[in-house]
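The values are calculated or read from the model by the stated rules, or taken from the named source; none is laboratory data. For clarity, every value in this text was computed on a predicted model and none was experimentally measured. Here the Cβ positions follow ideal geometry from the backbone for every residue, glycine too, while neighbour counts run over all protein chains shown.
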Amino acid sequence: MGTDKDTKINLFHTYKSKQEILIRRCTLDDLDGVIDVNERELPEDYPYFFYKSILDDYPESFLVAQNKNGKIVAYIMWRVEKTPSFNGLKYENKGHLVSIAVSEEYRREGIAFELLSNSMSAIIKYKIRSYVLEVRVSNYSAIKLYEKFNFKTKGIKKNYYRDGENAYFMVREAK
């Protein structure tokens, strides 16, 4: 377990209710809360070891949002993937947004924006060349959020999700 300096990222007030939300690095103790948010809010579920491996490998960019009572209300997690460069002569790192979820009662309060902003500045430390993500074609609010961060749709992945829904593949070059 790290010090407060290691885990504290950002304290802000949500837009609607003006309540305090703490954005910070995820810890091992937070994983049950992260899994709870994921299982309530997203149709995609991951096994515990998957969350733990991302936490172990990319702790700076695995962030949680907690309310004043210490309850995890949102999270975001990234990983780095090595892919062939455009010319195929070398590999380059891409920051891949694995998952982001906000509890329904905390949506539309700026939490996803804060998580994305803080985590993107953390994952860039892995010398990534671009940020990539997949998003359901029906998830208009998420698409609008990603567009605010200058993500561009580069294609559609057919039947990407278990339920058969397509995903937009979105990319943003790292600076």
Checked pairs for segment 134-154, first at pLDDT 95 or above and surrounded by 16 or more Cβ atoms within 10 Å (Cβ to Cβ), second assigned to a helix (DSSP H, G or I) and of a type in the set (Val, Ile, Thr), C-beta under 7 Å and 6 or more apart or across chains, list as Val135/Ile143
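For every residue, the table says whether it meets (1) outside any strand (DSSP E or B); (2) in contact with a Phe, Trp or Tyr (Cβ under 9 Å, 6 or more places away or on another chain); (3) closer than 22 Å to Leu22 by Cα; (4) of a type in the set (A, V, I, L, M).
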| site | (1), (2), (3), (4) |
| --- | --- |
| Asn69 | yes, no, yes, no |
| Ser99 | no, yes, yes, no |
| Leu116 | yes, yes, yes, yes |
| Tyr131 | no, yes, no, no |
| Ile156 | no, yes, no, yes |
| Tyr161 | yes, no, no, no |
Pairing a residue in segment 47-60 that is within 16 Å of Lys125 (Cα to Cα) with any residue that is of a type in the set (D, E, K, R) and in a helix (DSSP H, G or I), where Cβ atoms lie under 8 Å and the two sit 6 or more apart in sequence or on different chains, gives Glu60/Lys125
Given (1) in contact with a strand residue (DSSP E or B) (Cβ under 8 Å, 6 or more places away or on another chain); (2) surrounded by fewer than 19 Cβ atoms within 10 Å (Cβ to Cβ), Tyr75 misses just (2)
Considering segment 1-29, residues that are part of a helix (DSSP H, G or I) and closer than 19 Å to Ala122 by Cα, and then whichever is modelled with the highest pLDDT, we arrive at Leu28
Of (1) surrounded by 17 or more Cβ atoms within 10 Å (Cβ to Cβ); (2) in a strand (DSSP E or B), Ile54 fails just (2)
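Does segment 139-175 hold any residues that are acidic (Asp, Glu) and more than 16 Å from the chain's Cα centre (by Cα), and which are they?
Across segment 139-175, the qualifying residues are Asp163, Glu165, Glu173.
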